[in-house]
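The values are calculated or read from the model by the stated rules, or taken from the named source; none is laboratory data. Here the structure is a predicted model, which means the values were calculated and not measured. Here the Cβ is made from the backbone with ideal geometry for all residues, glycine too, and neighbour counts use every protein chain on show. Ligands, DNA and RNA are stripped out before the accessible areas are found, and what is left, the full protein with its side chains, is counted by its heavy atoms. Shrake-Rupley method; radii C 1.70, N 1.55, O 1.52, S 1.80 Å.
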Amino acid sequence: MDKDGVARIAAKQIYILPTRIGMLYGTTVIVMLLGSLNYQNNIGLLFAFFMASVGLVAMHHCWYNLLGLAISMRSGPAVFDGDAALFEVTLSNERAGSRYDLRLSGGLDASTPVYLDAHDQRGISFAQPTSRRGLLWLKDIEIETRHPMHLFRAWCYARGQASVLVYPRPAVAAPPPVTNSGDTHRPAARTGDGADDYIGNREYRRGDSTRHLDWKAFARERGLVVKQFGGDDGVEVWIDWTALRTPDPEERIRLLTRQVLDADAANLRFGMRLPGIEIGLAGGPDQMQRCLRELALFNDGQTEPAPH
Amino acid sequence: MAKQNLLPIDEQPERYQTLALVMTVCAAYLPLARYLNWRVSAFVALMLMLRFAAVRWPAAAPGRWLLLGLTLVGVANCLLANHTLIGKLGGTSLLATMLALKLLELRARRDHRISAIALCFVVVVQFLFDQGIGLTLYFGGIAFMIVALLVDLNGGLGSTPIRRAVPVVLRISLQALPLTIVLFALFPRLTSPLWSLGVDQDRGTMGMSESMEPGSISELVINGDLAFRARFDQHPPGSDRLYWRGLVLWEVDNRKWSPGRVGQYQTVNPELTQATERIDYEIVLEPSQQRWMFSLDLPIEHPPNTVLSSDFQLLSDRPITTAKRYRLSSALEFRTAMPAEAEQRYALRLPANTSARMITLVKQWQLETDSDWALVQQGLDFFNREEFHYTLLPPKLGANPWDEFLFETRSGFCEHYAGSFAVLMRIAGLPSRVVLGYLGGEPNRIGGYHLIWQSDAHAWVEVMIAERGWVRVDPTSAVAPFRVDNRGASRLLGAYAPARFHIDSTGVLSMAIRQLRLLADSIDAVWQRSVLDYSAAEQTRLLYRLGLADYGEFALAGIMVAAVTIVMGLILFGLIRQPDAIDPASRCFSLLCRRLAAVGLERNAHEGPLDFAARVAVARPEFSLRVNAIVALYIRGRYMPNPTAADIQSLSRLVKAFVPTRQRRSFSDTKRRKYLT
């Protein structure tokens, strides 16, 4: 890692091994060599030596294709646990010659080879799966090339230098949060055509109007969920760790996340209380992100049982 | 097709790649068609056509079972054509068939790569048939195509792959060339083969045959092949003195002359009582599968691994299967020792069909002359005086060719003259023998050597004269020049007719053709000498010159490894030395940093340009205006999407004009350090 935050591949960091095609090529050259030697066929030897030299030169070109490559990494936006975290890996060619056939391996989807002109750079998005909330560090990325003849594969590792914030996976549905008064406010299921504000979701119960079914949630396989309406503009809610009874802390965090999302979607002013943390009442996307961030990083993203 | 869709994107070949591969394979097969049985060629051609059809209509590609069937048919076809699957022809046929079949299942790029690599075998086996410079250059082109195919198949060349592949392929090939030469020169060679698959056993003998009968040399003369090349150390003698001695024939029967038991393969070195006008020269003999070698009449020194028999025949230890180069010395003026009694008696034996006419003729000469040598002259006069014709198209001779030629047909080629003259001399009691070889040769002034063609084949006679030993007599040269038939020769030989037919070749075109032919042959000779003949012997000579002969192959291998390392190091050095040309804005900025560092203002590693400029402004307020201007331009030139050339120019001008000076000593060091940190 250089001082400008860019990793430059040094000679010692490059590994190189023949590919299977390279092995076949080598065997072919050896057979041609032995045959020509045996029959004292000088032109056959000349040809075998030429092919051997080409292989040798190709090996050095393969190595040289990675040498000095500058790699920088950038984090993508925060994601929810379960979605793929995106990073951007920028490969830059700082020399006057081109670089060919550069690939990132180990990403979620096979990356297409990158060609870099002189002084050119190219950003490759690199997706990494998420499995828990917290900060997800980009793992060491592997850059490989089989340039020029697919006879050798040279590769090197660059230490991951970027992280993506992973929000907890929101629960499918959560009980409505506590209103500001401290009472457990349960909005009455209103049957009228009240075009009121959306305040949250709850699980489907027999008798609910199908008009309020959240079909999108159903399509995302979150089960049957009903949208609840009825919040006033002025309603303020507290999303509170202690208000939930779920024993598993991770499950509780997921429920809280759902509550934050629902509250934001319902345009409510809301605050959040976690053990040792309190975020004051506010509204808007900033508030939502602040809360999600706290939830993501709560207890350093650990799953140990939290104190009551 | 369904299978093709399962391939990852970067393994799917482009159509042009498949086409290029198949075309390259076709080009590599083309020269092979001269050697393969027509059945094999036809099968291969059919498979290639099917392949081309499958490029156009993918549905035409055969399925797995059909391919298996075709493979069986192909192998059976090879067996039918050659009755074997091994050996030079059998193996090559099988290889060609298999590669053609492999082409029918080109799906992934991997298949293309494998086929391109397998093509190398098809190339290398063809050098067993022909090692000429033309074919070598042709296959050089094919090798280049193989490299190009592999580069293009690897991909990662951006949006215009073919245009970008060309410089890559050129760079690889050109860098591989010096390595190839080093390996070729220094890779230790085997002195004898490790195994033999009968590759060399299907060649017939070539060139001169072992015996001589009327018509045998004329046959050889019509053959336009090269017999050998000779290079003289000194000024070459005139072509009428270039009698290239080959076999000596002692035995004569009703039809033919053949080598006798006496003298042949005898290892005693013959004696010469006089040997002057010594001449040194080198010969490169084309392979003949025979043991005899040629030397200028008369050899006095012979090369190693050869035998000089008592009748001055030069014989190799082994049949000559590859071009053989040797040096030797001859005396143009010589006198041999008198042969032993037994040898003289052997050289007097007559054929059973010696006719009365022949005896009468010789008896008459004996009456007219008083010495042996005069008798010989009488015989030559006879050929000159009578209506003897020299022609390549002599009439057919019957049961008694010597007699018929002398008294009836009277037209023939050198074997007629030499054969019958020697018989006449034996009748006269003069021991005689026939020598087979070549006369003259074509000087190649471009290459500085002589070309001796099969069409220069000749036969002459040696007669034993008292006090002089064996004396060369060439009865053919006695024929009156106006009786030499040029038409037959020019019709049969064209431009290759030997000089003794005096064919008029003063036309501009024919002169030009002749010059071109000589130039081509000079190139061929250099090729032969420096590439084809390069062997363990040359390597040993090289080691001698380096004083490492004692270490043998190990020294050679050591030198090879060292040389390859050096060449590879030079290539790598060339690669790495390419300037890491950073963009002009950065270059300007680093110049600024260097100049500021020189006056004690060093940029810290973590410091961005703006922070640095701010710090400089605090430390040296008098710089701030210029430094800020430079940094602003630098940021514009370096990080804005489209920096203008004018910006870069003014940046460069500003930086070059800015030469900061060190602060006066009055500013204490401690104070400065406080400012800077």
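Couplings for region A:48-63, taken from phi via the Karplus curve 6.51 cos²θ - 1.76 cosθ + 1.60 with θ = phi - 60°, read 4, 5, 5, 5, 5, 5, 4, x, 5, 5, 4, 4, 5, 5, 4, 5 Hz in order; Gly and Pro are left as x.
Report, in cubic angstrom per residue, the convex hull volume of the C-alpha atoms of region B:216-501. Dividing the Cα hull volume of region B:216-501 by its residue count gives 127 Å³.
Placing +1 on each Lys and Arg Cβ and -1 on each Asp and Glu Cβ, with no other charges, gives chain B a dipole about its Cα centre of roughly 5400 debye.
Remark: for residue pairs B:363/B:396; A:139/A:227; B:88/B:396; B:256/B:324, the C-alpha separation exceeds 32 Å in A:139/A:227; B:88/B:396. Cβ-Cβ distance of residue B:386 and residue B:520, R₀ of 60 Å, FRET efficiency by 1/(1 + (r/R0)^6): the value works out to about 0.90. Here the Kirkwood formula puts the hydrodynamic radius of region B:2-155 at 16.0 Å, using every distinct Cα pair.
Taking the Cα centre of region B:216-501 as origin and charging only Cβ (+1 Lys, Arg; -1 Asp, Glu), how large is the dipole, in debye to the nearest 20?
So the dipole magnitude of region B:216-501 works out to roughly 540 debye.
The slack in the chain from residue B:137 to residue B:39, taken as 0.36 nm per residue of separation less the alpha-carbon distance, amounts to 32.5 nm.
For the chain pair B and A, the interface hides roughly 5200 square angstrom of accessible area in total, found with a 1.4 Å probe. Considering all C-alpha pairs of chain B, those separated by over 48 Å amount to 45%. Estimated from helices alone, the mean residue ellipticity of the protein assembly as shown at 222 nm is -13500 deg cm²/dmol (sum of -39500 (n - 2.57) over DSSP H runs with n ≥ 4, per residue). Please compute the modelled spin-label separation between residue A:122 and residue B:573, points set 7 Å along Cα→Cβ, answer in nm with one decimal. The answer from the label model is 3.3 nm.
The C-alpha atoms of region B:1-67 occupy a region whose extents along the principal axes are 41, 25, 16 Å, arranged from largest to smallest. For residue A:135, the residues whose amide H sits under 5 Å from its own are A:166, ignoring neighbours fewer than 5 places away on the same chain, with H placed 1.01 Å from N. In order along region B:436-453, the phi-based Karplus estimate (6.51 cos²θ - 1.76 cosθ + 1.60, θ = phi - 60°) of 3J(HN,Hα) comes to 9, x, 10, 10, x, x, 9, x, 9, 6, 5, x, x, 8, 10, 9, 10, 8 Hz; Gly and Pro are listed as x. Relative to its residue count, the protein assembly as shown spans a Cα convex hull of 303 Å³ per residue. Note on residue B:597/residue A:16: beta-carbon distance plugged into 1/(1 + (r/R0)^6) with R0 of 35 Å gives a FRET efficiency of 0.40. Can you tell which of A:271, B:188, A:174 lies farthest toward the positive end of the dipole of the protein assembly as shown, using +1 and -1 charges on the Cβ of basic and acidic side chains (Lys, Arg; Asp, Glu)? It is A:271, whose Cα lies furthest towards the positive end.
Relative to the current alpha-carbon distance between residue A:131 and residue A:74, full extension at 0.36 nm per residue lengthens the span by 18.5 nm.
When a/c is below 1.5 the answer is rounded, else prolate if a/b is larger than b/c, else oblate, so apply that to region B:53-123 with a ≥ b ≥ c taken from the square roots of the Cα gyration tensor eigenvalues. Oblate shape, in that a/c is at least 1.5 and b/c is the bigger or equal ratio. In this label model, residue B:337 and residue B:550 are separated by 4.2 nm, measuring between points 7 Å along each Cα→Cβ vector.
In region A:1-167, the alpha-carbon atoms span a convex hull of 115 Å³ per residue. Each residue, residue B:322 and residue A:86, gets one label point 7 Å from its Cα in the Cβ direction; the gap between the two is 6.5 nm. Residues whose amide H lies under 5 Å from that of residue A:174, counting only those 5 or more places away or on a different chain, are A:201; hydrogens are built 1.01 Å from N in the peptide plane.
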